[in-house]
Amino acid sequence: MTPVHPPSPSPSAAPPPSRREFLRRGLQASAALAATGGLGAWLWNRHPPGDFNRSASAALLPDFSARDGGRGMSIVTGQDRPAMLRRGLEAMGGLGRFIRRGDGVLLKVNAAFATPAILGATSNPELVAELARLCLAAGAAFVVVTDNPINDPESCFNLCGLAPAVRAAGAKLTVPHAADFVPGTLPGGQLIRNWPVLSGPFHGVTKLVGIAPVKSHNRAGASMTMKNWYGLLGGRRNQFHQDINGIVVELAMMVKPTFVVLDGTTSMMTNGPTGGSLADLKATNTLVVSTDPVAADALGATLLDRTWRDLPYIGRAAERGLGTADFESLHPERVAV
Amino acid sequence: MPAIPNARRPSAVETAVSLGVLALFAAVLAWMLVAQRHFNPAVTVAAAAAQSAGKTGTAPATAAPDLLASWPAGLRPMSAVETFTAATLSDKIDGKAELYLSAGFVAMRCQRVSLAANPTAWMEFFVYDMGAPANAFSVHSSQKRPGSADVALGDYAYRAGNVLCVVHGRYYLELVAADDQAATMMAASALAQAFVATTAVEDHADVSRDAALFPPEGLVAGSVTLLSADVFGFDQLKDVFVARYREGEGEVTLFVARRAAPAEASRLATALQSFFVTDCGGRELPPPAAPAGAVVIDSGGAFDGVFASGPFLAGVHQAPSREAAERWLVRLHQRLPPSPP
């Protein structure tokens, strides 16, 4: 009979660690886990540049346009902007046609430059404040005013006079911040593709109004209501200047406002869009309220001693069905103040 | 660490496998580091937007000192100096950047300044480095406001209401004030004078030789302009002097461009003629009696004329009649130096 030997310990089998050894190893493992977790927390970007899980087109703006079949344009002549605005809105059927109780209203102004209001490079503060007051009086739950000046936004809003005027009118001024931009792709667009679009200030907004001055523009020919949407783009948007007509048309495709106000009380005839001299301005004594930005810009071209045919983006926008260059076809009501 | 009792030494295979696993981890780490440097473009764009949109009321970080080492009496800075390059100029001046970029722009610095006694009287002082005096004159002249008053300051200067514009060598200065009051504009002038006095330049702008090519009769004062690019919408036409002339109730524009060689001037004249006909829908008319080789094009009721003479390309733009176009062509040709036979 073969003798049975007790099993000899395997060469690799270590005796169970002592209690002290177990605690020491446990502490080492815990320290390693804590260090790894701490490193991960340190490297974690809590403020990513965008929510890339969202559908790109979901970031684009809702359609705010008024589709009630009412009058499409009013043209007011005069020099008193607030009074001209009131008359223009009355001619359109009253602000109550557009703004209802509880609406959230966003006023997209032109605050692109840190220049005084008298130079006409930015939306007129009195005009913007008056519209904000009227919207609040019409029952708007809130009015927010915004634009995205690339350089030194606070100074732009302050020095052009919009910041104090807006606040005095009871509206909220929103200076865009990083989290306000979301990459979006315009369906059918060639330029606005995965591009940061200002969307933060639109939270809760149900009505959108654009307010733009009439200006010559070194690159686009003219800057009016459609070019004004350029301020909704973030990023290195200057590259779009290489196809300025294309980007203005795509902006018109992207933004469907409730109505626009084109301020041609004075027009920047030369050296736009910055201007700089009072000599660049001409009293053209006209203010337009329109539900059709293409038509508004077509009329604005005449204030710059041009026609819509001189500004290719107007014709291209009309061809895409974004509005009409034949503003007279809207049978605008003409009133004087 | 104390040795584990009865622990055996790992075999060579186990050591090799372990090293392989560690090498794999190292490779994964290297791949992650490389991949992180190649973001999806959307991330890059959005990150840039976040960076730019996140700036709130502060000038771009710069260690640059004030535009002037010492300010004229009664003036004080109200902002830091901002510096812009060709890549960022449009952040400040939007669509007007192209005007400068096409004219040789190098860099721009600007700063806001106010009157110490009246902070609401402020101005922004822009200093454009255009690389060469001719470039500075180009952006100066092409923005010159009609009816402005020339000022004896720098190489060329004018004031138009609330703005003072100066050429000093390669620099183009623009002082844009919040009002046109005398005190504000005197301060603007003092500011410009201080810059000119304290900033040395190698060369000064002087276009008198080219300006003298234009006939003096009928010249609209101060209208001689140097256009750098896309003259009349023609992308081949660059660095052209133009001047406005009274013609009846309206005006015509004469132009002269000096080229390196007669052959180049001649080639450009042919190309411009073709541009007026092909791209602008013009109709070439029978050639005028003079100057030799000139052509006149009916551009839908306005008349353009072109000729080459020696190294010069010259002509008339938007004349109200064929007769006026031909008359101005002769006058301009008579001013140009005779070309060698």
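Only the coordinates and a few stated rules stand behind these numbers; no lab work does. Please read all numbers here as calculations on a predicted model, not as lab measurements. Positions of Cβ are backbone-derived with ideal geometry, glycine not excepted, and every protein chain shown enters the neighbour counts.
For the stretch B:208-335, the fraction of alpha-carbon pairs lying more than 27 Å apart is 7 percent, rounded to a whole number.
Please state the shape class of the stretch A:24-175: rounded when a/c is under 1.5, otherwise prolate if a/b exceeds b/c and oblate if not, all from the C-alpha gyration tensor.
It is prolate, given that a/c is not under 1.5 and a/b is the larger ratio.
Its alpha carbons considered, the stretch A:56-336 gives a radius of gyration followed by a Dmax of 16.8, 46 Å. Seen from a random direction on average, the alpha-carbon convex hull of the stretch A:100-153 projects onto 3.7 square nanometres. Enter the angle in degrees (range 0 to 90, nearest 10) between the Cα long axis of helix B:182-198 and the first principal axis of the Cα atoms of chain B, meaning the one along which they spread out most. With rounding to tens, the tilt is 70 degrees.
So how strong a dipole does the stretch B:75-198 carry about its Cα centre when Lys and Arg Cβ are +1 and Asp and Glu Cβ are -1, to the nearest 20 debye? For the stretch B:75-198, the charge dipole is close to 120 debye. Result for chain B in a Gaussian network model with C-alpha springs under 10 Å: among B:V139, B:V252, B:V167, the largest mean-square fluctuation is at B:V252. As a rough footprinting exposure proxy, the listed residues B:F84, A:F142 were ranked by other beta carbons within 10 Å of their own, and the order from fewest upward is A:F142, B:F84. Here chain A is assigned +1 on the Cβ of each Lys and Arg and -1 on the Cβ of each Asp and Glu. Its dipole about the Cα centre then comes out at about 1080 debye. Annotation for A:L23 and B:A152: the two label points, set 7 Å from Cα along the Cα-Cβ direction, are 9.6 nm apart.
For the options A:R81, A:R67, A:R193, a Gaussian network treatment of chain A with springs between C-alpha atoms closer than 10 Å singles out A:R67 as fluctuating the most.
Rounded to the nearest 20, the size of the Cβ-charge dipole of the stretch B:61-108 about its Cα centre is 120 debye, with Lys and Arg at +1 and Asp and Glu at -1. Pair-distance distribution of chain B: all C-alpha pairs, bin width 10 Å, starting at 0; shares per bin in whole percent are 5, 19, 22, 17, 14, 9, 4, 4, 3, 2, 1, 0.
At q = 0.19, 0.25, 0.26 Å⁻¹ the log10 of I(q)/I(0) for the stretch A:230-275 amounts to -0.86, -1.12, -1.12, computed by Debye summation with a single uniform scatterer per C-alpha, solvent ignored. Volume per residue for the stretch B:153-219 equals 93 cubic angstrom (convex hull of Cα atoms).
Calculated on C-alpha atoms, the gyration radius of the stretch B:75-198 divided by its Kirkwood radius gives an Rg/Rh of 0.94.
If you wrap the protein assembly as shown in the convex hull of its Cα atoms and look at it from every side, the mean projected area works out to 49.1 nm². Between A:E154, A:E21, A:E319, which gets the highest mean-square fluctuation from a Gaussian network model of chain A, Cα cutoff 10 Å? So, out of A:E154, A:E21, A:E319, the one fluctuating most is A:E21.
Helix B:322-335 axis versus longest C-alpha principal axis of chain B: approximately 80°, rounded to the nearest ten. Farthest towards the positive end of the charge dipole of the protein assembly as shown, among the residues A:G275, A:M253, A:P82, is the Cα of A:M253, using unit charges on the Cβ of Lys, Arg, Asp and Glu. Neighbour counts of other Cβ atoms within 10 Å put B:R9, B:R267 in the fewest-to-most order B:R9, B:R267.
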